[in-house]
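Accompanying notes for the structure given below.
Derivation of every value follows stated rules applied to the coordinates shown; laboratory data play no part. Predicted model only: the values in this text are computed from it and were never measured. Backbone-built Cβ (ideal geometry, glycine too); neighbour counts: all protein chains shown.
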Amino acid sequence: MSGFMTSSIGKKVVMSISGLFLICFLLVHLTLNLFLIFDDSGDLFNMGAHFMATNPAIKIMEPVLALGFIVHMIWAAVLTLQNMKARPISYKVSRQSGNCSWASRNMFILGGTVLIFLVLHIFNFYWKIKVSGSPLLAEVSVGGVEMENTYNLVSTLFKSSIVYSLLYMVGAIFLGLHLTHGFWSAFQSIGFSNDLWRKRLTVVAYFFAIVIGAGFSIIPLYFMIKF
Amino acid sequence: MADKILKELTLRVWRQKDAKSKGHFETYKVHNISQGSSFLEMLDILNEQLISENKEPVYFDHDCREGICGMCSLFINGRAHGPDKEVTTCQLHMRKFHEGETITIEPWRTGAFPVIKDLTVDRDAYEKIQQAGGYVSVNTGGVPDGNAIPIGTDDAEEAMDAAACIGCGACAATCKNGSAMLFVAAKVSQFAKLPQGKVEASRRAKAMVAKMDELGFGNCTNTGACEAECPKSISIQHIARMNREYLCAKLKD
Ligand code: HEM
Ligand code: FES
């Protein structure tokens, strides 16, 4: 396997595997987050969050997830930089809009906006839950088990701030756009595609991107409208 | 039906004295161009005009002028091989342009294809990739019967589709990453589908990809622009096949 990770195709395999791993994470994360809108008492979401915070398997996955993000981002940066260098003099007139999708041309920008959102997101929730704490998290008892009131932390943010709610929705939409190309591309990069599967995978990609984009947007929207 | 005549066209052409000089755009006017003429014929008319004015003609590559040799190039109005689909520049007709239009003509812009002069670029990089593994080794001896090894129609067809690549460089020229993946994939794929090519498949995929990387082409991000601009409509499914070939070859190492 010598030189694999630095070869053009090897780098794409790294992007693909890390991307697919992040996609799996998104599915778990979205499922859990949707608990927020299915139970206004917050018990369901608090139980979910409590499970995630205490389950040993999830504890192991946490650093792996961080690593997944870091690998994806480092390789993305290297890849994008090299690609920019491959064309030292650019065209005066370039019409790319007819031959490939906007998302596919702007993966780094889309990924970058996802990263900005990610930092904000960590600061809003993860940091408060794991490190600094917040009075909003005062323990509640759900079915006899004492746990942090994560529901309160999340719902208060969305109820109190239209700006944050909108930012979260924009973040979700950019992520969805990233996936309109990323989902199919990840399969192509590891060689799992041909003319037939490409049609299927691009359909699934758009469906998946809409599920992710709409799924994550619906949550702040719900709190904005309902409360 | 007589072809329409374009009374005047403005051409913005990249002029560059040699590989080392800094180039610039020069604007020319051409008159009375038949829409039935090809783009290269229009450039021929420009060049005759320049020669009659004692100016140096514009250098551009061409050979067969029937869309099979892969020698012509040109980035015309922001598109490799111009605004038509599935044609090379030599097969592009002036009916794709309208009266009074300004046409911008640039050479392929990819680091691995340096400009030689004006609109001609050095595409040796593709030759080098080909030489790194784009062949089958055949020992000397008697000529074997062509039909001795049965090949399924689908495989033969797919290999033929890949073999349609004329190596013009439009893929790398149009790719936002300056990636040569479609070319290399076509050359890998045309053999990978055939029994004669399978023997050296691993070595071929590794050697050609390594050469492509070494020459400074970018990394493919699957935008699909190459396929859209390829005059031979080579599908990016060949890129998927090469990824597979390469991955399997590396896993065996
Ligand atoms: C949850 C978050 C994310 C998910 C699920 C995700 C998923 C994906 C997937 C599946 C691909 C396709 C890989 C391939 O073509 O083989 C991809 C490509 C890409 N991602 Fe992400 N990504 C995420 C976040 C980010 C971030 C934060 C960046 C930041 C810099 C980024 C930058 C890129 C770039 C530049 C590409 C294109 C490179 C390429 O086509 O190979 N992504 N992403
Ligand atoms: S000159 Fe031969 S393909 Fe255009």
- Task: Test A:L179 against the stated conditions and say whether it is under 27 Å from A:V13 (Cβ atoms) and either away from ligand 2 (no atom under 16 Å from the Cβ) or outside any helix (DSSP H, G or I) (or both).
- Result: yes
- Item | Residue among B:E157, B:E200, B:E127 that is touching a helix residue (DSSP H, G or I) at 6+ places or on another chain (Cβ under 9 Å) and either surrounded by fewer than 21 Cβ atoms within 10 Å (Cβ to Cβ) or within 14 Å of chain A (Cβ to nearest Cβ) (or both) | B:E200
- Message: Name the residue that is farthest from the other protein chains (Cβ to nearest Cβ), counting only residues in segment A:13-41 that are near ligand 1 (Cβ under 8 Å from one of its atoms) and not hydrophobic (A, V, I, L, M, F, W, C).
- Response: A:S18
- Message: Tell me whether segment A:59-79 contains one or more residues that are at the interface with chain B (Cβ under 7 Å from one of its Cβ atoms) and more than 19 Å from the chain's Cα centre (by Cα).
- Response: yes
- Message: So A:V28 ticks every box in (1) part of a helix (DSSP H, G or I); (2) crowded, with 16+ Cβ neighbours inside 10 Å but one. Which box is left unticked?
- Response: (2)
- Could you identify the single residue in B:F60, B:F39 that is of a type in the set (F, W, Y) and free of Cβ contacts under 8 Å to residues at least 60 places away in the same chain? B:F39
- Query: List, please: which pairs have Cβ atoms under 9 Å, are six or more places apart or on different chains, and start with a residue in segment A:1-12 that is at the interface with chain B (Cβ under 7 Å from one of its Cβ atoms) and in contact (Cβ under 8 Å) with a residue 60 or more places away in the chain and end with one that is of a type in the set (V, I, T) and surrounded by fewer than 21 Cβ atoms within 10 Å (Cβ to Cβ)?
  - Reply: A:K11/A:V78; A:K12/A:I190
- Task: Inspect all residues belonging to segment A:90-110 and state whether any of them is more than 14 Å from every other protein chain (Cβ to nearest Cβ), among the polar types (S, T, N, Q) and assigned to a helix (DSSP H, G or I).
- Result: no
- Residue pairs within 8 Å by beta carbon, gap of at least six or interchain, first lying in segment B:211-237 and within 20 Å of B:I76 (Cα to Cα) and facing chain A (nearest Cβ under 7 Å), second more than 16 Å from ligand 1 (Cβ to nearest atom) and among the aromatic types (F, W, Y), listed first then second, are none
